[in-house]
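A short write-up of the structure that comes next.
Every number here is computed from the coordinates shown, using simple stated rules; none is lab data. All values reported here derive from a predicted model rather than from experimental measurement. When we count neighbours, we look across all protein chains shown, and the Cβ atoms used for this are built from the backbone with ideal geometry, even at glycine.
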Amino acid sequence: MGFHSLVTHYALAYPGSFAIGTILFAYVLYRFVAEPDPLLLLPCPTDAQFIGGHVPAVLDPGRSHRMQAKWVKQYGRNIRIQGLHPWESRLLPLDPVSLAHIFKNYDIYEKSWQSRRLISSLIGCGMLAAEGDMYSRHRHVATPSFSWRNLRALVPLVFNKGEELKDKWKEMMEQQMAETGGKSGMSLKLDVCHWIGRATFDVVGLAAFDYQFNAIQKENNELFCAYKDMFETAVSQSGSFSSVFSIYFPLLDRIFPSAGSRAIFRGQKTISRVASKLVQSKKALIIGGEEADKLHGGKDLLSHMLRSNLATDLPESERLSDDDILNNINTFMFAGTDTISLALTWTLLLLARHPDIQSRLRAELCAAPPPDRTSDESVLAHYNELASLPFLNNVCRESLRLVPPIHSSLRVAAKDDVIPTSTPVVGTDGIARDSFHIRKGTFVYLPMEGMNLDKEFWGDNAWKFIPDRWDHLPESITAVPGSFSSLLTFSAGPRACVGQRFSLIEMKTFLHTLLTNFIFTEADEKVVKANVIMTRPYVYHKFKEGSQCPLIVTRYVPGESD
Ligand code: HEM
């Protein structure tokens, strides 16, 4: 039978599947031949895995910086990488001009529907997941809460939580001393990631909605457990079959939930019950009039958001519903707890690995004595002093540069676009161009860590922890479009992190309290980085034990320990 008659025979015998086959064939022909993806003009590294492509390499903080440096040398700063299968191309821009364009045009480069659905299914459609008009309304109502004037009022509560953590560790040391008859006790091996995580939950709970989790003392608060279980389940499930299933078939996941989904639904129920009551009672006080609101004096982000949402000059169409407000509180809990605790954990690990830098920092911090804990004014003056300490500033920036808690992010082009470049891109056709086309639907990586570690901008020692670099930065870094000190740690452009200032308050305040009371040294275990939604510490070869960062914490006694 010839090809012709074979096709006719098949079409007559199986008309349905023949029609589907023909449509698919026409689509493939159209996509790849008549309208080939313009990204195919960009050079692509040849070392992709058949399934998974370059994605694992691009996401792995253990090797992505090395890989990217090699690719930039070979292919230039705008690279086409292979997506999850050989027919899918993605863009990896390491060019500051291209990245600035992508960050600025956040309405073209949106979060993918998959990541938005995943985030929404966990914490609702708050600022992190929303796009379009909904996003603008969220940002409009939430941004004033993060003004410096409002954040100043939160400094004392952050300071007090740092002190509480210090007191807790001292108490644990004293307890150990009593148990061992004084033989040991000045030192403890602590998973600092776990402990700082508890303190950060406390801080964000109070700052976000004036709620006392009391997690430094005990991990049994109902709301704390709900949030913690929910976030931990989401982290442990990331990339698993059940999480992919729940993204693509949310309805089926509701009807036949996996164990993980059941844990998440349970958490959501508790959060909705407890936190909704908080929203209602705060709202009633604000609506109750100026006097009631003054008495309530809510300095937390929720109170500020409710006030700005209830403002008489806000058009009705721009107001958020109570559910939207609650989604934003969940968003602050999700976006503001692990991020800060990881930033602090990595800083302490880096200081443990560089004892000379730790001692220098401690000397600077000890010169700024602690304030009178009972006076908010004194705590604020203390923070102002910390904010101006040059070496503390350098250490924070260097740690946030070297290990950004969010390694990278993913966007998808919502329409066709032309991306400018800093230097001409030489296409696979040999032609040099000042810009290149990108097709609607193309995935684009935002390499936060990649840009922070780029040797061409930061110098040959870019992969090392050198806080002093901040005193003589190379001119080249001014080209990098970061929202904070030319770093992409807090992203860039209109959708950069709203919590940046707050994070620095917590980092600096905690570092002062912890380093003037304790010395941090490395334990026997080797700690390595892994990207599990965020860049988290794991003990080498003990990935199954979960994220942890064991360090030896020793009491610092001025004069004796120096
Ligand atoms: C060291 C700490 C922090 C780091 C490194 C960090 C980093 C980031 C990054 C990289 C993004 C952009 C994510 C993306 O586009 O995919 C982001 C967004 C965001 N962050 Fe943070 N963050 C930190 C702390 C906080 C805190 C404390 C809060 C709130 C209390 C917060 C709230 C948010 C929100 C709401 C967004 C979404 C902003 C938008 O889309 O307009 N973050 N953060």
* To do: Return the percentage of antiparallel bridges among DSSP beta bridges fully within the chain, rounded to the nearest 5 %.
  => 95
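Based only on Cα atoms, what mean projected area does the convex hull of the range 317-378 have, in nm²?
Dividing the Cα hull surface by four gives the mean projection, 7.6 nm².
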* To do: On each of the three principal axes of the Cα atoms of the range 173-239, give max minus min coordinate, whole Å, ordered largest first.
  => 44, 33, 17
* **Fewest-first sequence of Ile196, Ile271 by Cβ atoms within 10 Å of each Cβ** => Ile271, Ile196
* **Two-decimal Rg to Rh for the range 433-535 - Kirkwood Rh, Cα set** => 1.03
* Can you pull a Stokes-Einstein diffusion coefficient for the chain at 37 °C (0.692 mPa s), Rh from Kirkwood over Cα pairs, as a whole number of µm²/s? => 127
* Asked: HN-Hα J couplings of the range 465-481 from phi, Karplus 6.51/-1.76/1.60, θ = phi - 60°, integer Hz, Gly and Pro as x?
  -> 8, 9, x, 5, 4, 5, 7, 8, 6, x, 4, 4, 6, 4, 6, 6, x
* Bin width 5 Å, alpha-carbon pairs only: give the P(r) of the range 233-325 as whole percents, running from 0 to the bin holding the largest distance. => 2, 11, 18, 15, 12, 11, 11, 11, 7, 3, 0
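If you average the sequence gap of Cα pairs under 8 Å that are 6 or more apart and divide by the length of the range 346-439, what percent do you get for the contact order? Walk me through the numbers on the way to the answer.
Numbers: 66 pairs, mean separation 18.9, N = 94.
For the range 346-439, the relative contact order is 20 percent.
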* To do: With a 4.7 Å Cβ cut-off, tell me which Cys residues in the chain come up empty for a partner.
  => Cys44, Cys125, Cys225, Cys366, Cys396, Cys497
* Structure fact -> The Rg/Rh figure for the range 469-521, Cα atoms and Kirkwood Rh, to two decimals is 1.10
* Cα Rg, Dmax (largest Cα-Cα span) when computed across the range 125-202, Å -> 20.2, 64
* Taking amide H positions as placed in the peptide plane 1.01 Å from N, state which residues far from Gln49 in sequence (5 or more) or on other chains have amide H under 5 Å from it. => His54
* On a 0 to 90° scale, report how tilted helix 155-179 is relative to the longest principal axis of the chain, with both axes built from alpha carbons and the result rounded to the nearest 10. => 70
* To do: Determine the principal axes of the Cα atoms in the range 383-436, then give the extent along each, sorted from largest to smallest and rounded to whole angstroms.
  => 56, 25, 19
* Asked: Taking neighbour counts of Cβ atoms within 10 Å as a proxy for exposure, in what order, fewest first, do Tyr556, Tyr445 appear?
  -> Tyr556, Tyr445
* Asked: Can you give the helix-only mean residue ellipticity at 222 nm for the chain, where every DSSP H stretch with n ≥ 4 adds -39500 (n - 2.57) and the sum goes over all residues, rounded to the nearest 500 deg cm²/dmol?
  -> -16500 deg cm²/dmol
* Structure fact -> Burial-style ranking of 84-96, 352-364, 485-497, average other-beta-carbon count within 10 Å with highest first, yields 485-497, 84-96, 352-364
* **Cα pair distances of the range 33-98 binned at 10 Å [whole percent]** => 22, 54, 21, 2, 0
* Structure fact -> Taking every C-alpha to C-alpha distance in the range 48-166 and binning by 10 Å from 0, the per-bin percentages run 11, 24, 28, 24, 12, 1
* Under the Karplus curve 6.51 cos²θ - 1.76 cosθ + 1.60, θ = phi - 60°, whole-Hz ³J(HN,Hα) for the range 75-82, x wherever Gly or Pro sits -> 10, x, 8, 10, 10, 8, 10, 7
